[in-house]
Amino acid sequence: MNGKAINGSIKKIALISIFLIFLVGTASALPDLYVSSASTNYKYAGEIYANENNSMVVTVCNAGDQTASDAVVSLSVTDAASNPVVVNYPIGDIAASACATVTLIDPTIRTSQGSTVTYTVQVNCTNAESNYDNNTLTTSGYEVLFNGYKGKRYWTGASDITTKHTYEGNINMTYYNQTEAKYASTSWGTRSEVWTPANLVVPDGSTVLGAWLYVSYNWDNTSTGMAGFGMKFNDNASVIPLNNYTDQSNIGSYGDKKYGLISLNVTDYYDANGYNYLNMTQSTSGYVQALYPSSLVVVYANANESQRQIFINEECDELAITEFPNYNYNVTSEEATEYVPFEEYIDKYSAVSATLYSFVASAGHPTGGPDGEGNMFFNDYTVGTYLWEGTSYSAFPYIADVKGYLSDAGDDNVASIQATSRTGMLNIEQVLVVEY
């Protein structure tokens with residue numbers, strides 16, 4: 001073989017090698033989509049919430065050398081029985097080495113808590129990929145819970161703050177709530193509170209119709225039943241709590257700690273215009289809680305009083321709202337609203353006054369906010385905003401004139417209380433006094 005032939009063969013081999021390298025390079029220039037992460041966008045992971053839509057924040061990336069065309073991410077869920085794919089979301093093109101983050105809304109509404117839900121996220125595109133093994137990511141299980149920072153209407157089977165005691169006639173009421181100095185932290189042991197004659201003035205010749213003692217608390221770890229403490233009113237150990245209302249946020253590592261309101265009928269033990277004592281002892285069984293200052297509401301009849309209706313509503317609802325970016329509880333102001341219906345007939349046109357005593361604990365001076373906390377509405381009218389100017393240790397009423405907001409129909413009056421901060425406010429007893 002002569003030199004020219006050898007050189008020609010070498011050139012052909014070189015060209016073939018370059019062509020093969022080109023083919024290999026072309027074959028490897030493909031997209032490679034993968035799901036980088038998928039999680040809820042709440043402050044605390046591990047749970048999703050009943051009676052609402054839940055969202056997943058999904059990040060998908062392209063580790064390949066070519067643009068992924070018309071990428072679509074799908075979300076499926078274990079408890080969507082008929083069609084497990086609940087969301088298909090078109091992302092569009094994803095360039096090589098780029099990522100895209102989307103928020104997917106799970107439309108499934110779960111009306112109870114306690115189950116566990118697992119999500120699967122998958123991403124695909126219209127062109128071929130170099131690797132399909134990483135297109136899917138399955139999350140760990142999420143426990144379904146009620147979101148306790150929302151109003152009780154978002155908690156299946158829960159109640160508004162409804163009327164428990166109604167009085168009518170030549171009557172009036174007096175009340176006194178203890179000061180925040182009586183707040184007791186979780187290791188309180190014992191606590192004594194006293195109502196002096198000056199705190200609760202009942203006119204001579206009056207008949208006490210009802211004396212209602214309210215004890216509210218937070219951070220309770222009692223597993224079931226009544227919070228773990230004992231109570232004596234005027235040294236009577238036989239005072240039995242009439243109701244124990246509770247709430248809990250279900251959010252974060254402290255989400256199982258309970259907020260509560262205990263109502264006690266102390267009418268038979270109340271000393272009108274005397275000294276009245278409440279002595280409390282913390283349980284020694286390992287149960288702990290912190291105590292807000294207590295309140296005592298006294299309703300009395302007297303011939304010299306005007307004709308009045310008095311409604312006492314009871315419940316317990318802890319409310320808080322989302323404050324981005326660090327405190328996403330998935331709660332809007334509208335959702336963080338508790339309702340207080342008064343369904344007895346109220347004669348708007350004969351009423352001289354209508355006063356709402358709205359008791360709230362731990363409301364006021366949130367970090368970085370206005371001096372007050374919480375908004376109030378009555379029959380959709382705005383009574384006021386940022387109203388409760390207390391502290392995290394107080395429990396007291398905001399007193400509102402609501403006569404101008406009474407319903408024409410007379411039997412469908414509703415007050416509502418709305419959170420304005422992430423720090424939380426505990427709505428407890430509500431007293432409406434209508435004078436004629």
Quickly run through region 160-193 and pick out the residues that are in a loop (DSSP other than H, G, I, E, B) and either outside the structural domain of Asp347 (by TED's automatic domain parsing) or surrounded by 14 or more Cβ atoms within 10 Å (Cβ to Cβ) (or both).
Asp160, Ile161, Gln178, Tyr183, Thr186, Trp188
From Asn265, Asn276, grab the single residue that is within 30 Å of Asn221 (Cα to Cα), out of contact with any Ser or Thr (no Cβ under 8 Å at 6 or more places or on another chain) and surrounded by 21 or more Cβ atoms within 10 Å (Cβ to Cβ).
Asn276
Top-ranked residue in region 197-207 [being farther than 24 Å from Phe229 by Cβ and either out of contact with any Ser or Thr (no Cβ under 8 Å at 6 or more places or on another chain) or at pLDDT below 95 (or both); ranked as surrounded by the most Cβ atoms within 10 Å (Cβ to Cβ)]:
Ser206
Against the definition (farther than 28 Å from Ser185 by Cα, of a type in the set (Ser, Thr, Tyr) and assigned by TED's automatic domain parsing to the domain that holds Asp411), how does Ser306 come out, yes or no?
yes
Taking the conditions exactly as written (more than 23 Å from the chain's Cα centre (by Cα), closer than 30 Å to Ser55 by Cα and modelled with pLDDT of 95 or more), does Gln178 satisfy them or not?
no
If we keep only residues of region 77-87 that are in a strand (DSSP E or B) and either modelled with pLDDT of 95 or more or under 27 Å from the mean Cα position of the chain (by Cα) (or both), then the residue surrounded by the fewest Cβ atoms within 10 Å (Cβ to Cβ) is Val86
Could you go through region 111-129 and let me know if any residue there is charged (D, E, K, R) and within 27 Å of Ile417 (Cβ to Cβ).
no
Note: among Tyr254, Tyr214, Tyr259, just one is among the aromatic types (Phe, Trp, Tyr), on the phi < 0 side of the Ramachandran plot and without any contact (Cβ under 8 Å) to a residue 40 or more places away in the chain, namely Tyr254
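Which count do you get for residues in region 284-314 that are over 35 Å from the mean Cα position of the chain (by Cα) and part of a strand (DSSP E or B)?
4
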If you go through region 62-76, how many residues are part of a strand (DSSP E or B) and of a type in the set (D, E, K, R)?
1
Are any of the residues in region 85-96 within 30 Å of Asn243 (Cβ to Cβ) and among the aromatic types (Phe, Trp, Tyr)?
no
Matching residues, region 209-225, being in a loop (DSSP other than H, G, I, E, B) and surrounded by 15 or more Cβ atoms within 10 Å (Cβ to Cβ):
Asn221, Thr222
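Could you tell me whether Thr59 is in a loop (DSSP other than H, G, I, E, B), modelled with pLDDT of 95 or more, of a type outside the set (Lys, Arg) and touching a strand residue (DSSP E or B) at 6+ places or on another chain (Cβ under 6 Å)?
When the stated conditions are applied, Thr59 does not pass them.
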Tyr436 vs (1) among the hydroxyl-bearing types (Ser, Thr, Tyr); (2) touching a Ser or Thr at 6+ places or on another chain (Cβ under 6 Å); (3) surrounded by 18 or more Cβ atoms within 10 Å (Cβ to Cβ): all pass except (3)
So Thr136 clears everything in (1) under 30 Å from Ser37 (Cβ atoms); (2) β-branched (Val, Ile, Thr); (3) within 22 Å of the chain's Cα centre (by Cα) except one condition, right? Which one?
(3)
Somewhere in region 265-283, is a residue in a strand (DSSP E or B), under 29 Å from Tyr142 (Cβ atoms) and either touching a residue at least 24 places away in the same chain (Cβ under 8 Å) or not assigned by TED's automatic domain parsing to the domain that holds Thr156 (or both)?
no
Residue check for Gly169: at pLDDT below 95 and over 23 Å from Phe396 (Cβ atoms):
no
Tell me whether region 320-336 contains one or more residues that are over 18 Å from the mean Cα position of the chain (by Cα) and either on the phi > 0 side of the Ramachandran plot or aliphatic (A, V, I, L, M) (or both).
no
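Mind listing whichever residues of region 109-159 are part of a loop (DSSP other than H, G, I, E, B) and farther than 23 Å from Leu75 by Cα?
Gly148, Tyr149, Lys150, Gly151, Trp155, Thr156, Gly157, Ala158, Ser159
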Would you mind stating whether Ala68 is over 17 Å from Ser140 (Cα atoms) and either buried (at least 20 other Cβ atoms within 10 Å of the Cβ) or in the same structural domain as Ala128 (by TED's automatic domain parsing) (or both)?
yes
Leading residue by the ranking (farthest from Met173 (Cα to Cα)) among those in region 366-402 that are of a type in the set (D, E, K, R) and surrounded by fewer than 15 Cβ atoms within 10 Å (Cβ to Cβ):
Asp371
Residue check, Ala419 under 27 Å from Val298 (Cα atoms) and buried (at least 21 other Cβ atoms within 10 Å of the Cβ)
no
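The values are calculated or read from the model by the stated rules, or taken from the named source; none is laboratory data. These figures come from a predicted structure and were not determined experimentally. Glycine also receives a Cβ, built like all others from the backbone with ideal geometry; neighbour counts cover every protein chain displayed.
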